[in-house]
1. Quick check on my filter: what residues within region 91-117 are part of a helix (DSSP H, G or I), touching a residue at least 60 places away in the same chain (Cβ under 8 Å) and farther than 19 Å from Phe200 by Cβ?
2. Residue check: is Tyr114 under 16 Å from the mean Cα position of the chain (by Cα), on the phi < 0 side of the Ramachandran plot and not basic (Lys, Arg)?
3. Tell me, please, whether a residue that is on the phi > 0 side of the Ramachandran plot, touching a residue at least 12 places away in the same chain (Cβ under 8 Å) and under 20 Å from the mean Cα position of the chain (by Cα) can be found in region 62-81.
4. Could you please give the count of residues in region 13-38 that are of a type outside the set (Lys, Arg), open to solvent by 20 Å² or more (accessible area, probe 1.4 Å) and touching a residue at least 12 places away in the same chain (Cβ under 8 Å)?
5. All but one of (1) hydroxyl-bearing (Ser, Thr, Tyr); (2) open to solvent by 40 Å² or more (accessible area, probe 1.4 Å); (3) over 21 Å from the mean Cα position of the chain (by Cα) hold for Tyr6, so report the exception by its number.
6. Can you find even one residue in region 202-218 that is more than 17 Å from Arg119 (Cα to Cα), out of contact with any helix residue (DSSP H, G or I) (no Cβ under 8 Å at 6 or more places or on another chain) and modelled with pLDDT under 95?
7. Identify, from the list Ala197, Ala209, the residue that is among the hydrophobic types (A, V, I, L, M, F, W, C), assigned to a loop (DSSP other than H, G, I, E, B) and open to solvent by less than 70 Å² (accessible area, probe 1.4 Å).
8. Given (1) open to solvent by 50 Å² or more (accessible area, probe 1.4 Å); (2) of a type outside the set (D, E, K, R); (3) outside any loop (DSSP other than H, G, I, E, B); (4) closer than 22 Å to Leu26 by Cα, identify the lone condition not met by Tyr179.
Amino acid sequence: MRIESYWHPYPGLAENEDYPGRLIVLEGTDGVGRSTQITLLKRWLESSGIAVYDTGMTRSNLAGRHLREAREGHTMGRMTQALFYATDFADRLENEMVPALRAGYVVLTDRYVYSLIARGIVRGLDPNWMRRIYGFAIQPSAVYYLKITIPDLIPRVLASGGFDYWESGADYSAGGDLYDCFVKHQSALLEQFEQMADEFGFVSVDASASIDQTFQTLQQHLSEMMQNASLKPGMATPLLPPPAGRRPSSDRVAEVLRDFLA
């Protein structure tokens with residue numbers, strides 16, 4: 001892939017170099033199933049003989065632990081949060097993603113700067129300022145946007161443990177219970193993702209389908225991209241979904257909750 005930053009280069013990173021790896025981003029709002037799909041895609045790609053490195057927010061050695069601690073204490077202001085996440089992202093970009101791309105890995109990342117920009121904007125930060133502080137991000141090979149509606153999202157969140165303080169936007173929403181905060185916050189995030197889809201060239205994937213169906217769609221997209229890029233000739237045939245009776249329990253619970261709420 002060609003190394004190109006969005007708005008300004010990362011210090012010390014040469015622009016317009018060709019690296020043998022690929023940077024694949026799975027984007028989408030909270031609870032949409034990104035982590036599950038990252039796990040399935042990594043297993044499939046590795047079974048095809050492709051080296052994979054996966055990463056995600058709050059995993060950097062420099063800032064990850066401190067960022068998680070700040071979230072637990074509910075102590076971050078909106079600007080502090082944006083800069084803290086930018087530090088976490090910069091450390092992972094320099095010390096994890098770029099070295100892996102240079103070594104020929106497929107880097108799978110659970111969210112990218114788009115989520116971080118959207119989070120800042122819905123909390124009232126200036127959109128141009130948000131783009132500038134993340135402007136050193138390199139442009140991915142592909143961005144797959146797991147698209148979902150609020151009615152389909154809520155049962156999944158309930159099935160996975162309920163509403164989280166930060167993911168519900170309770171740090172900035174005034175009044176209402178956690179459910180109301182969640183709906184308002186996630187609706188605002190979804191609106192931002194829709195606006196960014198054209199700007200950044202997202203490939204939309206229907207995430208309201210089952211885990212298996214979503215995985216098959218992503219497999220097809222990645223197979224075509226890998227073949228066109230000649231990254232790995234003769235990739236393995238996409239894996240068949242598990243039998244219906246062996247669907248993951250969280251998916252079954254989500255379907256029951258969706259029917260109940262309907």
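The values are calculated or read from the model by the stated rules, or taken from the named source; none is laboratory data. The shown structure was predicted, so the numbers you read here are calculated from the model rather than taken from an experiment. Cβ atoms come from the backbone with ideal geometry, glycine included; neighbour counts cover every protein chain shown. All accessible areas refer to the heavy atoms of the entire protein, side chains included, with ligands and DNA or RNA removed. Shrake-Rupley method; radii C 1.70, N 1.55, O 1.52, S 1.80 Å.
1. Hits for region 91-117 are Glu94, Val98, Ala100, Arg102.
2. yes
3. no
4. Going through region 13-38 one residue at a time, the tally reaches 10.
5. (3)
6. no
7. Ala209
8. (4)
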